[in-house]
Amino acid sequence: MSNQEQNLSTNGFAIGSLIIGCLSIIGLIFSQDGRLLSIMGILLGIIGLKEVKQFKQKGTKLALVGIILNCIGLVGGIAMKL
C-alpha cells in the first residue's frame, strides 16, 4: 500500500475503540460489568488518536466517540459494583 493510500485509510485502533465501546455498554446493560473491555477500549482510542495525528489518517471522531463510550462503560461498571 502506498503512502497516499495509507493516509486516506481509517485508523484501525479508532475503529476498534468504537466497537469495544459499544460492547462495553452492552456488557454494562446485560451483565452489569464492562470494566475490562472499557480499559482496553480507552487504550485503543488513545493509541488511535496518536496514530491519526502522526500518520494523517481518518478516524479522529471515531476514536473520540470510542473513548467516551468506554469511559461511560468504565464509570458505569464501577458504579454497579458499589
Worksheet item: Which of the following values of semi-axes √(5λ) of the Cα gyration tensor in Å was calculated from the structure shown: (1) 29, 10, 7; (2) 19, 15, 11; (3) 26, 13, 10?
Response: (1)
Fill in: Helix-only CD estimate at 222 nm, as mean residue ellipticity for the chain, using -39500 (n - 2.57) per DSSP H run (n ≥ 4)
-28500 deg cm²/dmol
Item to complete: Calculate how steeply helix 60-81 sits against the longest principal axis of the alpha-carbon atoms of the chain, using the helix alpha-carbon long axis, and give the answer as 0 to 90 degrees to the nearest 10.
Response: 10 degrees
Worksheet entry | Debye, to nearest 20: dipole size of the chain, +1 on Lys, Arg Cβ, -1 on Asp, Glu Cβ | 180 debye
Item to complete: Assuming R0 = 30 Å, can you tell me the calculated FRET efficiency for the pair Ile29 and Lys61, based on Cβ-Cβ distance, to the nearest 0.05?
Response: 0.80
Practice prompt. Under a cut-off of 20 Å between alpha-carbon atoms, report the lysines in cross-link reach of Lys61, not counting same-chain residues fewer than 8 places apart.
Written response: Lys50, Lys53
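Laboratory data are not the source of any read-out in this text; all were calculated from the coordinates shown. Everything numeric here is computed off the predicted structure, so don't read it as measured data. Quick reminder, even Gly has a Cβ in these numbers, built from the backbone with ideal geometry, and neighbours come from all protein chains shown.
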